[in-house]
There are 4 protein chains.
Amino acid sequence: MHPLGDGIGSVSLVQHMGDDQSVVNAARVSYGQDRPGSGPLSPRDAKLIRYLLAHDHGSPFEHNAMTFKVVAPIFVLRQWMRHRIASYNEISARYSEVQDLHYRPQVFRAQATGNKQASVESPQVPQEQAASLWQAAWQESYLCYQKLLALGVAREQARGVLPTAMYSEMYFSCNLRALFHFLELRDHPGAQWEIRQYAKALEQLGEPIFPVCFAAWREARSAR
Amino acid sequence: MHPLGDGIGSVSLVQHMGDDQSVVNAARVSYGQDRPGSGPLSPRDAKLIRYLLAHDHGSPFEHNAMTFKVVAPIFVLRQWMRHRIASYNEISARYSEVQDLHYRPQVFRAQATGNKQASVESPQVPQEQAASLWQAAWQESYLCYQKLLALGVAREQARGVLPTAMYSEMYFSCNLRALFHFLELRDHPGAQWEIRQYAKALEQLGEPIFPVCFAAWREARSAR
Amino acid sequence: MHPLGDGIGSVSLVQHMGDDQSVVNAARVSYGQDRPGSGPLSPRDAKLIRYLLAHDHGSPFEHNAMTFKVVAPIFVLRQWMRHRIASYNEISARYSEVQDLHYRPQVFRAQATGNKQASVESPQVPQEQAASLWQAAWQESYLCYQKLLALGVAREQARGVLPTAMYSEMYFSCNLRALFHFLELRDHPGAQWEIRQYAKALEQLGEPIFPVCFAAWREARSAR
Amino acid sequence: MHPLGDGIGSVSLVQHMGDDQSVVNAARVSYGQDRPGSGPLSPRDAKLIRYLLAHDHGSPFEHNAMTFKVVAPIFVLRQWMRHRIASYNEISARYSEVQDLHYRPQVFRAQATGNKQASVESPQVPQEQAASLWQAAWQESYLCYQKLLALGVAREQARGVLPTAMYSEMYFSCNLRALFHFLELRDHPGAQWEIRQYAKALEQLGEPIFPVCFAAWREARSAR
């Protein structure tokens, strides 16, 4: 999984608990008809899942969990960590020296004209020029970081010169309800292209675990 | 697991994700030394877990999950559900008729004299008399519930006459950090005896999954 | 505010912070144009609020707070406290003796035929008969509670015979985002009539503080 | 309030709700003795607050709120936003051009020898040399940002070259319970000096609103 296409950024699934059946069981406890254990879903089970998603019954989607290992640039992690119904542990640049790894856009996009916060691909952006500016900026910054360390400056301060394109890594855990919410906001035309790639990677990893839930979620989403 | 000793209340473990090693991995991502996968913990790993618990580093204990099925009286569930960092789905007395199942104390305790909210075992409480009052009260209430249903009153209203000793059931999911917090408050001398039995049952079910974490948690707790 | 019409249940506003302007300011910090302080909203401000609600931008609605004092039956509080993004403190029946106060329905409703968890008003429910059964059930239960206390049984146990129609009281604090979510679920045709009355009371108390937000929220809600 | 001493970083109190009395009221609802309204605290009230803090009774400290406007470098905000029981709205570098404002340390600290993530003041760090490296790094980065914008690169991408020392601004709201937790972790010898200055500023702004709570909290903290 290399969401950003530069061979560094990645998302992998570390562990998971629960499946479509555990969603159905959690919902069926409402009327005393949960059947612990997993197994193939009946058409009635699938219908129940569609009903829950169409009517915003979120809690049955919480009795499960996924942990992902993520490598992403800081500016992506900053958007990510605004999601509070989740768990995070990230590498500390106070503890460890930051490695010489940064995100390099494959395509530099232009500012969109209609939406003040969006961007669009455009032939008018000189790609090579942008890429070499970007690359030089990183090298200068990283060199300065190294020099500050060499002067004896503490890591926690020296990192202040490193740009938000630098890669960081984290463990991220959430349940399916929170994941759907994340995907609704972050795999969305209004989201930044970079975080959308991560959202799509989460989607690809989560869907095989909860195929019926994902199908129902797509359906409910497109009906809105 | 029959926490209340009357053969009805129970706690069982439905599913779980993660182990001692996943706590260590989440902590070690801080310095880029996580090693995905499980395995026996080294003494250094165990020392790290003790360090985390002694210094209130809670987040590494969040990358795991447990789901429990719980059968408990309403007054216990009311205390339980005050814990907000957790997921709940409970049987609905709007949807299903409440069954003729209620908690019967094995021992009726006396009001404590020092602590205004506590209770103590005391030879002065006439056990048989209390038990027969209790039993009669339930029967009257349940009979009235049945009569209201027979008159055509909706379940969601009729249940209003049923006492908080009635049994309900739920799915409860949380991570280890939240579980430890639950146990600190609910397996505590200040907690009501009944919920303590449930806390102890959760402890017995959780400990085999996270033996090193539980040992370190007990140690940190007794040091406070 | 007597939501349940029996002169006991009530909701009152204890304190509040923020107004429509503070929502606008929190949103405008996104582009560095917040203007601390309150004042009449411009048409542009109102348009921004409508935009935020129509596009699920929830966070600007969090920089405010309301505290309510609520007196409600236990079965209503049980539904209420499932809302986890809020703060609660409730009277303790371990500490204080429960008072002889219980909810008495003005109208007993029949079980709905289409929806298994709903109820409807129906001429076929014999109101007087239901009311006297209900009343007698409470009296029996409360009498038994008193007798158990007289035998020396601890309050925390004795309360187990009291029905969920008994009144309790609590402080409830939340922000406007959480309040809107509460209202969407609890002032909803699918919610139980009793909690809907409380939701409506919260609405009446909150709306004068945030008139533009409420107007925009109703608009967004009816557009869905 | 200029926490970092360079005349840019700042914390100000925007609005607040509640006081020491509202903590007492929320606690006293437990035994039906809340007295809505504010007023001077009695010695018994103060004793209750000390009791609550000494025994980890957190919920009465939640029925209040504070909103702060914060201007801080990104690396500080990254630590700050790990606190999930709070509300945030931050200026968007997708929407607005980032201003030429960055944090400049008054003192460059050395890496600590005992603690791998800490730093200490040391005469061996050549301050002027470090400061001019730091300053040059910012200027290079900011110039590159300007050049990328001039080439037509979208703001959301171009910002990737800006370092985490750049200033950002946000609205931050929380209740007193969450604030105490923040202060315990962030005004702590193990926290980075920079965020400690922000924690101290929050403390100075919060203490006059809740003087009795803060006094009791300091007492409980030093007793641990």
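Find the relative contact order for chain D and round it to a whole percent, using C-alpha pairs within less than 8 Å whose residues are 6+ positions apart. Could you put the intermediate results ahead of the total?
On the way: 306 pairs, mean separation 69.9, N = 224.
This gives 31 percent for chain D.
Just A:PRO163, A:PRO123, A:PRO211 to compare: in a GNM of chain A, with alpha carbon springs under 10 Å, which one fluctuates most?
The residue that fluctuates most here is A:PRO123.
Provide Rg over Rh for segment A:92-224; use the alpha carbon set for both Rg and the Kirkwood Rh (inverse mean inverse pair distance). Before the final figure, lay out each step's value.
Working: Rg = 19.3 Å, Rh = 18.0 Å.
Computed over Cα atoms, the ratio is 1.07.
Determine the shape class of segment C:75-154: with a ≥ b ≥ c the square roots of the Cα gyration tensor eigenvalues, call it rounded for a/c under 1.5, and otherwise prolate if a/b is greater than b/c, oblate otherwise.
The shape class here is oblate.
Can you list the copy-to-copy distances for C:TYR95, using a point 7 angstrom from Cα toward Cβ, in nanometres, shortest first?
Label-point distances to the other copies, shortest first: 3.5, 4.1, 4.3 nm.
Could you state, as a whole-number percent, how many of the C-alpha pairs of segment B:1-66 are farther apart than 15 Å?
In whole percent, the long-distance tail amounts to 59.
Taking a label point 7 Å out from Cα toward Cβ, give me the nm distances from D:PRO43 to the same spot in the other copies, shortest first, one decimal.
5.5, 6.3, 7.7
For q values of 0.14, 0.22 Å⁻¹, compute log₁₀ I(q)/I(0) with the Debye formula on a Cα-only model of segment C:116-191, without solvent.
With one equal scatterer per Cα and no solvent, log10 I(q)/I(0) is -0.81, -1.00.
Calculate, for B:ARG44 and A:LEU143, the FRET efficiency according to 1/(1 + (r/R0)^6) with r their C-beta to C-beta distance and R0 41 Å; round to the nearest 0.05.
Computed FRET efficiency for B:ARG44 and A:LEU143: 0.70.
Name the most mobile residue of D:MET66, D:MET170, D:MET81, meaning the one with the largest mean-square fluctuation, in a Gaussian network model of chain D with Cα contacts below 10 Å.
D:MET81
Apply the Karplus curve 6.51 cos²θ - 1.76 cosθ + 1.60, θ = phi - 60°, to the phi angles in segment C:149-157 and return the couplings in whole Hz, x for Gly and Pro.
Here the 3J(HN,Hα) series is 4, 5, 6, x, 5, 4, 3, 4, 8 Hz.
Cross-link partners among lysines for A:LYS47, C-alpha distance below 22 Å, same-chain residues fewer than 8 apart left out?
Answer for A:LYS47, where 22 Å is the Cα cut-off: C:LYS116, listed by chain and number.
Which of D:VAL24, D:VAL153, D:VAL14 moves the most in a Gaussian network model of chain D with Cα springs under 10 Å?
The residue with the greatest mean-square fluctuation here is D:VAL153.
Compare the Cα positions of C:ALA130, C:CYS174, C:LEU162 along the charge dipole of chain C (+1 at Cβ of Lys, Arg; -1 at Cβ of Asp, Glu; about the Cα centre) and return the one farthest towards the positive end.
Going by the charge dipole, the pick is C:CYS174.
Excluding residues on the same chain fewer than 8 positions from C:LYS69, give the lysines whose Cα lies under 22 Å from its Cα.
Excluding near neighbours in sequence, the set is C:LYS200.
What is the residue of chain C with the smallest Cβ distance to the axis taking C onto A, and what is that distance in whole Å?
Nearest Cβ to that rotation axis, in whole Å: C:ARG224, 4.
Going Cα to Cα from D:LYS147, which aspartates and glutamates come in below 20 Å? Please leave out same-chain ones fewer than 8 positions away.
Output for D:LYS147: A:GLU121, A:GLU128, A:GLU140, D:GLU97, D:ASP100, D:GLU156.
Calculate the tail of P(r) for segment D:45-88: the fraction of all Cα-Cα distances greater than 11 Å, expressed in %.
When every Cα pair of segment D:45-88 is considered, 75 percent fall beyond 11 Å.
Just to be sure I understand the model, the point goes 7 Å from the Cα along the line to the Cβ. What's the resulting B:ASP6 to D:TYR95 distance in nm?
So the two model labels end up 5.7 nm from each other.
What distance in nm lies between label points placed 7 Å from Cα along the C-beta direction at A:GLU184 and D:HIS55?
The modelled label-to-label distance comes out at 4.1 nm.
In nm, what does the list of distances from B:GLU128 to its counterparts in the other copies look like, shortest first, when each label sits 7 Å along Cα to Cβ?
4.4, 9.7, 10.1
Let me spell out the model: positive unit charges on the Cβ of Lys and Arg, negative unit charges on the Cβ of Asp and Glu, origin at the Cα centre of segment B:10-223. What dipole size does that give, in debye rounded to 20? Write out the running numbers ahead of the final one.
Numbers: 22 positive and 20 negative charges, 69 e Å.
With Lys and Arg at +1 and Asp and Glu at -1, about 340 debye.
Determine the principal axes of the Cα atoms in the protein assembly as shown, then give the extent along each, sorted from largest to smallest and rounded to whole angstroms.
In descending order, the Cα extents are 85, 57, 56 Å.
In square nanometres, what is one fourth of the surface area of the convex hull spanned by the alpha carbons of chain A?
Orientation-averaged projected area of the Cα hull: 14.8 nm².
Return the long-range amide H neighbours of C:HIS102 (sequence gap of 5 or more, or a different chain), with a cut-off of under 5 Å between placed amide H atoms.
C:TYR167
Would you mind pulling out the separation of the Cα centroids of segment B:99-118 and segment A:134-162, in Å?
Centre-to-centre distance over Cα atoms comes out at 64 Å.
No value in this document is a laboratory result; all are computed from the given coordinates. The structure presented is a predicted model; accordingly, all values stated were derived computationally and were not measured. We place every Cβ from the backbone using ideal geometry, glycine too, and count neighbours over all the protein chains shown.
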